[in-house]
Amino acid sequence: MGSRNGRRQRRKRRRDNSENVDRTVNLCHDSRYVELRKWLKERSFNNKYLIPAHFSNTGRGLMTTKAISTGGLVVSLPESCLMTSHTVLSSYLGEYIKRWKPCVSPVLALCAFLISERHLGPGSRWKPYIDVLPKTYTCPVYFSDDVISLLPGDLRNKALDQRGTVLELFSSSLPFFRSLQPLFKRPVEEIFTHDALRWAWCSVNTRTVYMEHLQSQFLSRERDVYALAPYLDLLNHSASVQVDAGFSQATRCYEIRSRQGCRKFQQAFICYGPHDNQKLLLEYGFVAPGNPHSVVYVDPSDLQICLSGAVQQFAQKLLFLKQYGFLTNLTFGLDGASWRLMTALRLLSLKLDQYSCWKGVLLGAAVSQDREERSVHLARVLCQHLWDENTKALQRLSVLKQEGGASMREQLAVVECLRLEAQGILGHSQEALKNLKEDALPSDVSPPTEDCV
């Protein structure tokens, strides 16, 4: 009897433990990855311990079937596997690019090649790689107006700029695309569409690795530092991981080495950089939950909405802050308002007769106890405003999720993750500001004088 109970308990523990572990699905037998690995092997890539897998928390990625030691090689991709501007110039597009004036940029050359290779389908030498590229992206350039309206102010403006950048690139590139007509049976207007360029641009923007190339006389003077890296680009991002990455002149391979190592049968990660979630969403189309670099940004418009009626000489002070570069990178984090934000709020809290001290405050001069308390109050008001705005955005998002199609729901899921992360940060900030000690300055500190300028 006891033995049966013991077995039952062990089974229950194993079941409970399995439910707490992220589920991993091996993708090695997926035909797309079978063909990709076969194609890579023909180009001298023989890595056998990194296998494609689907992870419940990150989606598609690479799992290592052996432990990687500290400083060990994660992946080494031969130069023959990389898609670069040299690849494009050596291809059937090369002669058209070389004679086109003004010279096209390295990015446009890669985009044109990707679009062309996708159109060629089975006739493409890069088909196994094209087949595993995402068919669409969750970068803001793909977002509908409704979804863009749910982004925080500054990110919303950047998303609109990103959309404008791609549209301008498409419009300016039409004459070049038309020059490629002799290569295709179908009209190029049906191949090199705005949607096709958007897909190719996102592929380059989100998936290229940094690799410096000699400047070609046939390309524009923009820096040529892009390389698409098949298979390697399946590695997902983690802020807690440190790697050394770069092209080795000795081995003629793009190599990534782990500074921390990786355990057997775990997902292998790389780090795209110390980016906050707004940057990750804008540039890569995803949000990292629990990102230690994430903050909530305060826009000048937030200051205008919240504080203009409660701050003396508000317009003049705002102009002064802008003049000295104090209207950017104003943030709330897990530990409350940033130093830059509190400094700006200290200046906004000054009285009419303290104009001579404005510059000194920006340089770090102390303010009186009552002005310090006033600046903390302004921070609380601002934080509450952002909390309310965030809550309203999540409510609107919930309605759109019910009304939108699959593509919109995918976009909304990313924005929802961003907003939920922001809500958590603002909650911590509210608590930090609420518990802020009033002994930040001695009670006998007097207001700064002209000496602080």
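Read-outs throughout are calculated quantities, based only on the coordinates presented, and are distinct from any laboratory measurement. Quick caveat, the model's predicted, so the values are computed rather than measured. Neighbour counts run over all protein chains shown; Cβ positions are idealised from the backbone, glycine included.
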**Study point:** Nonlocal amide H pairs with A227, under 5 Å, H built at 1.01 Å
**Key:** V209, M211
Point to revise | R0 of 45 Å, Cβ-Cβ distance D195-Q260: FRET efficiency to nearest 0.05 | key: 0.65
Review point. Out of residues 5 or more away from S220 or on other chains, whose amide H comes under 5 Å of its own, with H placed 1.01 Å from N in the peptide plane?
Key: V104, S105
Revision key, fill the gap. Listed by chain and number, the aspartates and glutamates with an alpha carbon less than 14 angstrom from that of K66, same-chain partners under 8 positions apart left out, are none
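Which order results if V361, V295 are arranged by neighbouring Cβ count within 10 Å, fewest first?
The order, fewest Cβ neighbours first, is V295, V361.
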Review point. HN-Hα J couplings of segment 377-389 from phi, Karplus 6.51/-1.76/1.60, θ = phi - 60°, integer Hz, Gly and Pro as x?
Key: 4, 4, 5, 5, 4, 5, 5, 5, 4, 5, 4, 5, 4
Review point. The list (1) 36, 30, 22; (2) 46, 32, 22; (3) 38, 25, 18 gives values of semi-axes √(5λ) of the Cα gyration tensor in Å, and only one came from this structure; which label was calculated from it?
Key: (2)
Practice item. With only Lys, Arg, Asp and Glu charged, each at its Cβ (+1 for the first two, -1 for the last two), find how big the charge dipole of segment 83-228 is about the Cα centre; round to the nearest 20 debye. Key: 400
Review point. Given the Cα-Cα distance of Q242 and K434 and 0.36 nm per residue of separation, how much length would full extension add, in nm?
Key: 65.6 nm
Point to revise | Contour minus Cα-Cα distance for H29 and A250 (0.36 nm per residue) | key: 76.2 nm
Check your understanding: Given Cα pairs under 8 Å that are at least 6 residues apart, what percent is the relative contact order of segment 118-202?
Key -> 30
Review point. Counting only residues 5 or more places away or on other chains, whose amide H sits under 5 Å from the amide H of S44 once H atoms are built in the peptide plane?
Key: none
Review point. Excluding same-chain residues fewer than 8 positions from K264, which aspartates and glutamates have a Cα within less than 19 Å of its Cα?
Key: D22
Review point. Label-point separation (nm) for D145 and S44, each offset 7 Å from Cα along Cα-to-Cβ?
Key: 5.3
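Sort W39, W339 so the one with the fewest other Cβ atoms within 10 Å of its own Cβ comes first.
With the sparsest Cβ surroundings first, the list reads W339, W39.
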Study note, to complete from the structure: Percent relative contact order for the chain, counting Cα pairs under 8 Å at least six residues apart, stands at 17
Study note, to complete from the structure: In this structure, the FRET efficiency calculated for Q316 and V225 from their beta-carbon separation, with R0 = 41 Å, to the nearest 0.05, is 0.40
Point to revise | Pairwise centroid distance, computed over Cα atoms, of segment 69-107 with segment 167-183, Å | key: 20
Exercise for review: Compute the distance in nm between two label points, each set 7 Å from the Cα along the Cα-to-Cβ direction, one at K135 and one at L167.
Suggested key: 2.6
**Study point:** Nitroxide proxy distance, nm - points 7 Å out along Cα→Cβ at V381 and Q304
**Key:** 1.7
Revision key, fill the gap. Phi angles of segment 195-202, converted by Karplus (6.51 cos²θ - 1.76 cosθ + 1.60, θ = phi - 60°) into ³J(HN,Hα) in whole Hz with x for Gly and Pro, give 5, 5, 5, 4, 4, 5, 4, 5
Revision key, fill the gap. Along segment 425-432, Karplus-curve 3J(HN,Hα) (6.51, -1.76, 1.60; θ = phi - 60°) to the nearest Hz, with x for Gly and Pro, reads 5, 5, x, 5, 5, 4, 5, 5
Exercise for review: Go through K351/K392; K279/K359; K38/K135 and tell me which ones have a Cα-Cα distance over 26 Å in this structure.
Suggested key: K351/K392; K279/K359
Exercise for review: Place a +1 charge on the Cβ of each Lys and Arg in segment 296-452 and a -1 charge on the Cβ of each Asp and Glu, then give the dipole magnitude about the Cα centre in debye, rounded to the nearest 20.
Suggested key: 360
Point to revise | Nearby aspartates and glutamates by direct alpha-carbon distance to K434 (threshold 12 angstrom, same-chain neighbours under 8 apart not counted) | key: D335, E373
Check your understanding: Using Cα pairs under 8 angstrom and six or more residues apart, how large is the relative contact order of segment 83-228, in percent?
Key -> 37
**Study point:** Length added when fully stretched, S124-W339, from 0.36 nm per residue minus Cα-Cα
**Key:** 72.0 nm
